[in-house]
(Lines give C-alpha, C1' and ligand atoms only; values in the text may rest on other atoms or scores of the structure.)
Protein backbone atom coordinates (compact mmCIF):
# COMPACT_ATOMS: atom_id res chain seq x y z
CA UNK A 1 0.00 0.00 0.00
CA UNK A 2 1.15 3.54 -0.50
CA UNK A 3 1.32 5.77 2.44
CA UNK A 4 -0.83 8.82 2.49
CA UNK A 5 0.72 12.10 3.46
CA UNK A 6 -1.25 14.63 5.36
CA UNK A 7 1.32 17.30 5.76
CA UNK A 8 2.86 20.61 4.91
CA UNK A 9 5.98 19.41 3.53
CA UNK A 10 8.29 19.78 0.64
CA UNK A 11 7.55 16.41 -0.60
CA UNK A 12 6.44 18.69 -3.33
CA UNK A 13 3.43 19.50 -1.26
CA UNK A 14 3.83 21.53 1.88
CA UNK A 15 2.06 24.42 3.36
CA UNK A 16 3.74 25.82 6.42
CA UNK A 17 2.61 27.88 9.36
CA UNK A 18 4.48 28.44 12.59
CA UNK A 19 7.56 26.79 11.16
CA UNK A 20 7.42 29.10 8.18
CA UNK A 21 7.24 26.34 5.65
CA UNK A 22 6.35 27.41 2.12
CA UNK A 23 2.73 27.03 1.07
CA UNK A 24 3.58 24.01 -1.05
CA UNK A 25 4.87 22.19 2.00
CA UNK A 26 1.80 21.04 3.89
CA UNK A 27 0.66 17.53 3.25
CA UNK A 28 -1.90 14.97 3.91
CA UNK A 29 -0.46 11.99 2.19
CA UNK A 30 -1.16 8.32 2.22
CA UNK A 31 1.48 5.66 2.55
CA UNK A 32 0.02 3.29 0.06
CA UNK A 33 0.03 -0.50 0.10
CA UNK A 34 1.34 -2.44 -2.91
CA UNK A 35 -0.94 -5.21 -4.26
CA UNK A 36 0.72 -8.28 -5.75
CA UNK A 37 -0.20 -10.79 -8.47
CA UNK A 38 0.60 -14.48 -8.63
CA UNK A 39 2.65 -15.15 -11.74
CA UNK A 40 1.02 -17.72 -13.99
CA UNK A 41 4.22 -19.68 -14.64
CA UNK A 42 5.22 -22.36 -12.18
CA UNK A 43 8.87 -21.35 -12.37
CA UNK A 44 8.28 -17.72 -11.42
CA UNK A 45 5.98 -17.47 -8.43
CA UNK A 46 7.29 -14.12 -7.33
CA UNK A 47 4.16 -12.18 -6.39
CA UNK A 48 4.78 -9.32 -8.80
CA UNK A 49 3.32 -5.87 -8.07
CA UNK A 50 -0.19 -5.49 -9.50
CA UNK A 51 0.23 -2.15 -11.24
CA UNK A 52 -3.36 -1.59 -12.34
CA UNK A 53 -4.79 -2.28 -8.87
CA UNK A 54 -2.15 -0.02 -7.36
CA UNK A 55 -3.01 2.86 -9.71
CA UNK A 56 -6.71 2.51 -8.90
CA UNK A 57 -5.96 2.58 -5.20
CA UNK A 58 -3.79 5.69 -5.55
CA UNK A 59 -6.61 7.49 -7.36
CA UNK A 60 -9.04 6.52 -4.59
CA UNK A 61 -6.71 7.95 -1.94
CA UNK A 62 -6.38 11.25 -3.81
CA UNK A 63 -10.15 11.42 -4.35
CA UNK A 64 -10.63 10.89 -0.61
CA UNK A 65 -8.61 14.00 0.18
CA UNK A 66 -4.97 13.00 0.46
CA UNK A 67 -2.57 15.65 -0.83
CA UNK A 68 -0.23 13.02 -2.21
CA UNK A 69 0.90 9.41 -2.30
CA UNK A 70 3.98 8.14 -0.49
CA UNK A 71 4.52 4.99 -2.46
CA UNK A 72 7.11 2.32 -1.81
CA UNK A 73 7.54 2.90 1.89
CA UNK A 74 7.32 0.49 4.81
CA UNK A 75 3.58 -0.06 4.37
CA UNK A 76 4.16 -0.59 0.65
CA UNK A 77 6.59 -3.46 1.34
CA UNK A 78 9.23 -1.53 -0.60
CA UNK A 79 12.21 -3.43 0.72
CA UNK A 80 10.73 -6.67 -0.55
CA UNK A 81 10.93 -5.36 -4.14
CA UNK A 82 13.91 -5.01 -6.45
CA UNK A 83 15.17 -1.75 -7.93
CA UNK A 84 13.67 -2.71 -11.30
CA UNK A 85 10.27 -3.50 -9.75
CA UNK A 86 10.23 -0.21 -7.86
CA UNK A 87 11.12 1.76 -10.97
CA UNK A 88 8.41 -0.02 -12.97
CA UNK A 89 5.76 0.71 -10.31
CA UNK A 90 6.57 4.43 -10.27
CA UNK A 91 6.47 4.54 -14.07
CA UNK A 92 3.09 2.77 -14.09
CA UNK A 93 1.58 5.37 -11.76
CA UNK A 94 2.93 8.25 -13.84
CA UNK A 95 1.85 6.62 -17.13
CA UNK A 96 -1.67 6.36 -15.71
CA UNK A 97 -1.82 10.15 -15.44
CA UNK A 98 -1.17 10.72 -11.74
CA UNK A 99 0.83 13.94 -11.50
CA UNK A 100 4.49 13.77 -10.53
CA UNK A 101 4.01 16.44 -7.86
CA UNK A 102 1.51 14.17 -6.09
CA UNK A 103 4.08 11.42 -5.59
CA UNK A 104 6.67 10.91 -2.86
CA UNK A 105 8.42 7.59 -3.53
CA UNK A 106 10.71 5.89 -1.07
CA UNK A 107 14.19 5.63 -2.58
CA UNK A 108 16.45 4.90 0.39
CA UNK A 109 17.91 1.37 0.43
CA UNK A 110 20.96 -0.31 1.96
CA UNK A 111 23.35 0.39 -0.94
CA UNK A 112 24.18 3.98 -1.89
CA UNK A 113 24.37 3.04 -5.58
CA UNK A 114 20.79 1.71 -5.55
CA UNK A 115 19.54 4.75 -3.64
CA UNK A 116 21.15 6.98 -6.25
CA UNK A 117 19.65 4.96 -9.12
CA UNK A 118 16.12 5.08 -7.67
CA UNK A 119 16.37 8.79 -6.88
CA UNK A 120 17.75 9.69 -10.30
CA UNK A 121 14.98 7.65 -11.90
CA UNK A 122 12.36 9.60 -9.95
CA UNK A 123 13.95 12.91 -10.97
CA UNK A 124 14.02 11.82 -14.61
CA UNK A 125 10.21 11.57 -14.46
CA UNK A 126 9.77 14.96 -12.79
CA UNK A 127 9.27 13.52 -9.30
CA UNK A 128 11.46 15.83 -7.25
CA UNK A 129 10.66 14.92 -3.64
CA UNK A 130 11.53 11.52 -2.18
CA UNK A 131 11.49 9.83 1.21
CA UNK A 132 14.92 8.44 2.04
CA UNK A 133 15.80 5.86 4.66
CA UNK A 134 19.33 5.83 6.05
CA UNK A 135 21.47 2.78 5.14
CA UNK A 136 20.01 0.15 7.43
CA UNK A 137 21.88 -3.15 7.27
CA UNK A 138 24.88 -2.30 9.44
CA UNK A 139 23.94 -1.54 13.03
CA UNK A 140 25.69 0.73 15.49
CA UNK A 141 26.53 3.22 12.73
CA UNK A 142 27.72 6.58 14.07
CA UNK A 143 26.16 9.95 13.32
CA UNK A 144 29.19 10.63 11.14
CA UNK A 145 28.40 7.53 9.11
CA UNK A 146 24.73 8.44 8.64
CA UNK A 147 25.66 11.98 7.63
CA UNK A 148 28.31 10.72 5.21
CA UNK A 149 25.81 8.43 3.47
CA UNK A 150 23.24 11.16 2.91
CA UNK A 151 25.90 13.69 1.89
CA UNK A 152 27.52 11.28 -0.57
CA UNK A 153 24.15 10.43 -2.10
CA UNK A 154 23.13 14.08 -2.54
CA UNK A 155 26.48 15.09 -4.01
CA UNK A 156 26.63 12.17 -6.45
CA UNK A 157 23.13 12.90 -7.71
CA UNK A 158 24.01 16.57 -8.11
CA UNK A 159 20.53 17.78 -9.05
CA UNK A 160 19.32 21.10 -7.62
CA UNK A 161 15.68 20.00 -8.03
CA UNK A 162 16.03 17.21 -5.47
CA UNK A 163 14.09 17.50 -2.21
CA UNK A 164 14.61 14.84 0.46
CA UNK A 165 12.33 13.89 3.33
CA UNK A 166 14.43 11.93 5.81
CA UNK A 167 12.83 8.75 7.15
CA UNK A 168 13.25 8.12 10.88
CA UNK A 169 11.90 4.68 11.77
CA UNK A 170 14.48 3.16 14.13
CA UNK A 171 12.19 0.32 15.23
CA UNK A 172 12.55 -1.06 11.67
CA UNK A 173 15.86 0.33 10.41
CA UNK A 174 17.71 0.22 13.76
CA UNK A 175 19.52 3.33 12.46
CA UNK A 176 18.07 6.48 14.07
CA UNK A 177 18.43 9.92 12.50
CA UNK A 178 19.55 12.21 15.31
CA UNK A 179 18.91 15.93 15.57
CA UNK A 180 22.67 16.39 15.20
CA UNK A 181 22.59 14.69 11.80
CA UNK A 182 19.61 16.80 10.74
CA UNK A 183 21.41 19.97 11.82
CA UNK A 184 24.50 19.08 9.79
CA UNK A 185 22.48 18.13 6.72
CA UNK A 186 20.41 21.31 6.92
CA UNK A 187 23.56 23.42 7.21
CA UNK A 188 25.17 21.78 4.18
CA UNK A 189 22.11 21.12 2.01
CA UNK A 190 19.43 23.59 3.18
CA UNK A 191 17.46 23.48 -0.09
CA UNK A 192 17.64 19.72 -0.47
CA UNK A 193 16.95 18.26 2.98
CA UNK A 194 13.50 19.71 3.57
CA UNK A 195 11.71 17.48 6.06
CA UNK A 196 11.48 14.29 8.04
CA UNK A 197 8.92 11.55 8.47
CA UNK A 198 9.16 10.51 12.13
CA UNK A 199 7.64 7.06 12.58
CA UNK A 200 9.19 6.38 15.99
CA UNK A 201 5.95 7.47 17.71
CA UNK A 202 7.60 9.99 20.06
CA UNK A 203 5.62 13.24 19.91
CA UNK A 204 8.14 15.04 22.14
CA UNK A 205 10.89 14.35 19.60
CA UNK A 206 8.72 15.72 16.78
CA UNK A 207 7.89 18.87 18.72
CA UNK A 208 11.58 19.35 19.54
CA UNK A 209 12.39 19.24 15.82
CA UNK A 210 9.66 21.78 15.05
CA UNK A 211 11.22 24.16 17.56
CA UNK A 212 14.82 23.52 16.56
CA UNK A 213 14.55 23.55 12.76
CA UNK A 214 12.53 26.41 11.23
CA UNK A 215 11.36 25.91 7.66
CA UNK A 216 11.77 22.15 8.08
CA UNK A 217 8.70 19.96 7.59
CA UNK A 218 8.15 17.55 10.46
CA UNK A 219 5.68 14.82 9.51
CA UNK A 220 4.13 12.27 11.85
CA UNK A 221 4.29 8.65 10.82
CA UNK A 222 1.61 7.66 13.35
CA UNK A 223 -1.90 8.78 12.46
CA UNK A 224 -3.11 9.79 15.98
CA UNK A 225 -0.14 12.15 16.39
CA UNK A 226 -0.90 14.27 13.35
CA UNK A 227 -3.42 16.52 15.12
CA UNK A 228 -1.28 17.44 18.16
CA UNK A 229 1.70 17.93 15.83
CA UNK A 230 -0.24 20.23 13.50
CA UNK A 231 -1.35 22.33 16.47
CA UNK A 232 2.31 22.95 17.39
CA UNK A 233 3.46 23.91 13.90
CA UNK A 234 4.17 20.50 12.40
CA UNK A 235 3.65 19.84 8.71
CA UNK A 236 1.19 16.94 8.76
CA UNK A 237 1.63 13.20 8.31
CA UNK A 238 2.55 10.35 6.02
CA UNK A 239 0.51 7.51 7.37
CA UNK A 240 -0.49 3.92 6.76
CA UNK A 241 -4.00 4.05 8.23
CA UNK A 242 -4.92 6.59 5.57
CA UNK A 243 -5.37 3.55 3.34
CA UNK A 244 -8.63 2.97 5.20
CA UNK A 245 -9.34 6.33 6.89
CA UNK A 246 -8.21 8.93 4.37
CA UNK A 247 -11.33 11.08 4.54
CA UNK A 248 -11.18 11.45 8.31
CA UNK A 249 -7.47 12.25 8.23
CA UNK A 250 -7.98 14.77 5.45
CA UNK A 251 -10.80 16.41 7.41
CA UNK A 252 -8.61 16.77 10.49
CA UNK A 253 -5.77 18.12 8.38
CA UNK A 254 -7.88 20.74 6.65
CA UNK A 255 -9.92 21.93 9.65
CA UNK A 256 -7.69 21.45 12.72
CA UNK A 257 -7.37 25.23 13.20
CA UNK A 258 -11.07 26.01 12.61
CA UNK A 259 -12.62 26.62 16.06
CA UNK A 260 -16.08 26.53 14.49
CA UNK A 261 -15.57 22.88 13.54
CA UNK A 262 -13.83 21.71 16.69
CA UNK A 263 -16.50 19.12 17.49
CA UNK A 264 -16.25 17.62 14.01
CA UNK A 265 -12.46 17.58 14.14
CA UNK A 266 -12.59 15.80 17.49
CA UNK A 267 -15.00 13.21 16.11
CA UNK A 268 -12.90 12.65 13.00
CA UNK A 269 -9.80 12.33 15.17
CA UNK A 270 -11.57 9.74 17.29
CA UNK A 271 -12.36 7.77 14.13
CA UNK A 272 -8.71 7.96 13.06
CA UNK A 273 -7.55 6.64 16.44
CA UNK A 274 -10.16 3.87 16.33
CA UNK A 275 -9.06 2.85 12.84
CA UNK A 276 -5.42 2.74 13.93
CA UNK A 277 -6.30 0.62 16.96
CA UNK A 278 -8.39 -1.69 14.81
CA UNK A 279 -5.55 -2.51 12.41
CA UNK A 280 -3.09 -2.86 15.27
CA UNK A 281 -4.99 -5.74 16.86
CA UNK A 282 -3.28 -8.16 14.48
CA UNK A 283 -0.28 -7.63 12.17
CA UNK A 284 -0.77 -4.09 10.91
CA UNK A 285 0.27 -4.28 7.25
CA UNK A 286 -1.61 -7.51 6.67
CA UNK A 287 -4.66 -6.03 8.44
CA UNK A 288 -4.65 -2.94 6.24
CA UNK A 289 -4.43 -5.03 3.08
CA UNK A 290 -7.27 -7.21 4.35
CA UNK A 291 -9.54 -4.18 4.71
CA UNK A 292 -8.55 -2.85 1.28
CA UNK A 293 -9.41 -6.27 -0.15
CA UNK A 294 -12.75 -6.10 1.62
CA UNK A 295 -13.53 -2.64 0.28
CA UNK A 296 -12.51 -3.38 -3.31
CA UNK A 297 -13.72 -6.98 -3.52
CA UNK A 298 -10.25 -7.89 -4.86
CA UNK A 299 -8.66 -10.66 -2.81
CA UNK A 300 -5.38 -10.06 -4.60
CA UNK A 301 -4.81 -7.42 -1.94
CA UNK A 302 -4.49 -10.20 0.64
CA UNK A 303 -1.21 -11.41 -0.85
CA UNK A 304 2.09 -10.30 0.60
CA UNK A 305 5.61 -11.08 -0.49
CA UNK A 306 7.51 -13.27 1.99
CA UNK A 307 8.80 -12.95 4.61
CA UNK A 308 5.59 -10.99 5.29
CA UNK A 309 2.46 -13.12 5.37
CA UNK A 310 -1.30 -12.45 5.13
CA UNK A 311 -3.52 -12.83 8.16
CA UNK A 312 -4.72 -16.37 8.83
CA UNK A 313 -8.43 -16.87 7.99
CA UNK A 314 -9.72 -16.64 11.58
CA UNK A 315 -7.98 -13.29 12.10
CA UNK A 316 -9.26 -11.96 8.77
CA UNK A 317 -12.83 -12.83 9.69
CA UNK A 318 -12.53 -11.26 13.16
CA UNK A 319 -10.98 -8.10 11.72
CA UNK A 320 -13.62 -7.62 9.03
CA UNK A 321 -16.53 -8.33 11.38
CA UNK A 322 -15.18 -5.75 13.83
CA UNK A 323 -14.66 -3.27 10.99
CA UNK A 324 -18.26 -3.69 9.84
CA UNK A 325 -19.57 -3.07 13.36
CA UNK A 326 -17.43 0.04 13.72
CA UNK A 327 -18.60 1.31 10.32
CA UNK A 328 -22.27 1.09 11.34
CA UNK A 329 -21.47 2.69 14.69
CA UNK A 330 -19.70 5.49 12.83
CA UNK A 331 -22.81 6.18 10.78
CA UNK A 332 -24.96 6.39 13.92
CA UNK A 333 -22.43 8.68 15.64
CA UNK A 334 -22.20 10.94 12.61
CA UNK A 335 -25.99 11.25 12.45
CA UNK A 336 -26.28 12.06 16.16
CA UNK A 337 -23.47 14.60 16.00
CA UNK A 338 -24.96 16.36 13.00
CA UNK A 339 -28.24 16.76 14.85
CA UNK A 340 -26.63 17.83 18.10
CA UNK A 341 -24.48 20.62 16.69
CA UNK A 342 -27.08 21.70 14.14
CA UNK A 343 -24.80 22.00 11.15
CA UNK A 344 -25.31 20.85 7.60
CA UNK A 345 -21.61 20.42 6.95
CA UNK A 346 -19.38 17.38 6.67
CA UNK A 347 -19.56 14.92 9.51
CA UNK A 348 -17.15 12.15 10.21
CA UNK A 349 -16.79 9.94 7.21
CA UNK A 350 -15.67 6.36 7.36
CA UNK A 351 -13.95 5.43 4.13
CA UNK A 352 -14.96 1.81 3.70
CA UNK A 353 -18.49 0.51 3.43
CA UNK A 354 -18.90 -3.13 4.46
CA UNK A 355 -19.20 -5.71 1.73
CA UNK A 356 -19.66 -9.45 1.80
CA UNK A 357 -16.59 -11.18 3.18
CA UNK A 358 -15.02 -13.78 0.93
CA UNK A 359 -12.15 -16.06 1.84
CA UNK A 360 -10.23 -17.60 -1.07
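The values are calculated or read from the model by the stated rules, or taken from the named source; none is laboratory data. What you see is a predicted model; the values in this text were computed from it and never measured. When we count neighbours, we look across all protein chains shown, and the Cβ atoms used for this are built from the backbone with ideal geometry, even at glycine.
All of 31, 85 fail the test of being out of contact with any helix residue (DSSP H, G or I) (no Cβ under 9 Å at 6 or more places or on another chain) and at pLDDT 60 or above, apart from 85. Summed over region 229-242, residues that are modelled with pLDDT of 95 or more, in contact with a helix residue (DSSP H, G or I) (Cβ under 6 Å, 6 or more places away or on another chain) and more than 24 Å from residue 191 (Cβ to Cβ) total 1.
Scanning region 34-69 for residues that are in a loop (DSSP other than H, G, I, E, B), at pLDDT 65 or above and surrounded by fewer than 24 Cβ atoms within 10 Å (Cβ to Cβ) turns up 47, 50, 64, 65. Going by what's in this entry, would residue 214 be described as modelled with pLDDT of 95 or more, part of a loop (DSSP other than H, G, I, E, B) and surrounded by fewer than 21 Cβ atoms within 10 Å (Cβ to Cβ)? Against the criterion (modelled with pLDDT of 95 or more, part of a loop (DSSP other than H, G, I, E, B) and surrounded by fewer than 21 Cβ atoms within 10 Å (Cβ to Cβ)), residue 214 does not qualify. The residue list 122, 187, 148 contains one member that is at pLDDT 95 or above and either closer than 21 Å to residue 77 by Cβ or touching a helix residue (DSSP H, G or I) at 6+ places or on another chain (Cβ under 9 Å) (or both), which is 122. Of the residues making up region 149-169, those that are surrounded by 15 or more Cβ atoms within 10 Å (Cβ to Cβ) and assigned to a helix (DSSP H, G or I) number 6.
The conditions of being over 15 Å from the mean Cα position of the chain (by Cα), surrounded by 21 or more Cβ atoms within 10 Å (Cβ to Cβ) and assigned to a helix (DSSP H, G or I) are not met by residue 94.
In region 228-263, the residue that is nearest to residue 200 (Cα to Cα) out of those that are over 18 Å from the mean Cα position of the chain (by Cα) and crowded, with 17+ Cβ neighbours inside 10 Å is 233. Going by the conditions given, is residue 295 within 25 Å of the chain's Cα centre (by Cα), crowded, with 18+ Cβ neighbours inside 10 Å, modelled with pLDDT under 95 and under 30 Å from residue 47 (Cα atoms)? In short, yes. In region 116-129, of all residues being farther than 15 Å from residue 89 by Cα and touching a strand residue (DSSP E or B) at 6+ places or on another chain (Cβ under 7 Å), the one that is surrounded by the fewest Cβ atoms within 10 Å (Cβ to Cβ) corresponds to 128.
A quick yes/no check of all residues on (1) in a loop (DSSP other than H, G, I, E, B); (2) surrounded by fewer than 24 Cβ atoms within 10 Å (Cβ to Cβ); (3) in contact with a strand residue (DSSP E or B) (Cβ under 6 Å, 6 or more places away or on another chain):
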site	(1), (2), (3)
208	no, yes, no
219	no, no, yes
225	no, yes, no
265	no, yes, no
272	no, no, no
275	no, no, no
286	no, yes, no
300	no, yes, no
306	yes, yes, no
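Report whether or not residue 179 is within 21 Å of residue 285 (Cα to Cα) and surrounded by fewer than 18 Cβ atoms within 10 Å (Cβ to Cβ). Taking the combined requirement at face value, the residue does not satisfy it.
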